[in-house]
1. Local charge sum around residue 108 (other residues, Cβ-Cβ under 12 Å, Lys/Arg +1, Asp/Glu -1)?
2. Averaged per residue, what accessible area in Å² does the chain show with a 1.4 Å probe, protein chains only?
3. Which listed residue (165, 120, 185) has the Cα farthest towards the positive end of the charge dipole for the chain, taking +1 on Lys and Arg C-beta and -1 on Asp and Glu C-beta about the Cα centre?
4. Placing +1 at every Lys and Arg Cβ and -1 at every Asp and Glu Cβ, with all other atoms neutral, what dipole size does the chain have around its Cα centre, in debye to the nearest 20?
5. Sum up the charges of everything whose Cβ sits under 12 Å from the Cβ of residue 144, counting Lys and Arg as +1 and Asp and Glu as -1, but leave residue 144 out.
6. Given the options 212, 194, 229, identify the residue whose Cα lies farthest towards the positive end of the charge dipole of region 191-233 (+1 on Cβ of Lys, Arg; -1 on Cβ of Asp, Glu).
7. Using a 1.4 Å probe over the heavy atoms of the protein chains, calculate the carbon and sulfur portion of the accessible area of region 124-245 as a whole percent.
8. Compute a Gaussian network model of the chain, connecting alpha carbons closer than 10 Å, and tell me which residue from 192, 227, 157 fluctuates the most.
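The values are calculated or read from the model by the stated rules, or taken from the named source; none is laboratory data. Every value quoted in this text rests on a predicted model; they were computed, and no experiment measured them. Note: ideal-geometry Cβ built from the backbone for every residue, glycine included; neighbour counts use all protein chains shown. These area figures cover heavy atoms from the full protein model, side chains too; ligands, DNA and RNA do not enter into them. Shrake-Rupley method; radii C 1.70, N 1.55, O 1.52, S 1.80 Å.
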Amino acid sequence: MKIFPAIDLREGKAVRLFQGDYDKMTVYSDDPVEVAKDFRRKGASNLHIVDLDGARDGRPANFDTIKRIVKEVDMFVQVGGGIRDEARIRRYLELGVGRVILGTAAVKDPGFLAEAVKRYGEKIAVGVDARDGLVAVSGWKETTAADSFDFCVRLRDEGVRTVIYTDISRDGSLRGTNMEAYKKLSSIKGLDIIASGGISSEEEIAALKELVSGAILGKAVYSGKLDLQRAVKTAEEDEQRKDLL
């Protein structure tokens, strides 16, 4: 299982929100590039970036910061937040981003999603953010009537390979992730699930690696509750052992 430490960007700073609430924001660093470099030093080779301004306002407000991270840090980077047209997808991929995450656009414009998947294949992922089991969009401000599990099945059928699934109620809470949701999602064959929201212990990481292909770590790392170096080791140790056989 791959570990993706997260950098959420707002006005060029690395921040964390509590359950997606922009009024409950903690600023962790004025220099997100240094945050990414620190993650790399601790053994992480993958990075999850969200442009929070973009997610809320529909424009890639932190593009220059993301450009610096991709240029200066040797990591596989996936980016989401405000990516709602093909030009933005292409701009990020040309920058060197490994995977672009569609959220609101994937829900509200299925034709756009289908075209993006057709053109860019596995470089397109979808972020499925769930509130009480229903898909939320527009920076988590709007909850739709779509069942999140059924939506994931639909995405698989439409050719999407990777889904980042977040239980909003667990995000930033440090009270554990929604393990039952990932047990259910693991039954969708042909879909790689990346878990996000509330992951705060090595025990959870050990359990998740039996169910999903990746895990995003946020507040638990920033607060010091979870040691990133140990988390990476826990997630990858079985794969490393296989490589030696």
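1. Numbers: positive: 84; negative: 109, 142.
The answer is -1.
2. Working: 11040 Å² over 245 residues.
Per-residue value: 45 Å².
3. Checked the options; the winner is 120.
4. Numbers: 40 positive and 41 negative charges, 65 e Å.
I would put it at about 320 debye.
5. Values: positive: 108, 131, 141; negative: 129, 132, 142, 147, 150.
Result for the neighbourhood of residue 144: -2.
6. Result: 229, furthest along the dipole toward the positive end.
7. Working: 2510 of 5510 Å².
That fraction is 46 percent.
8. 157
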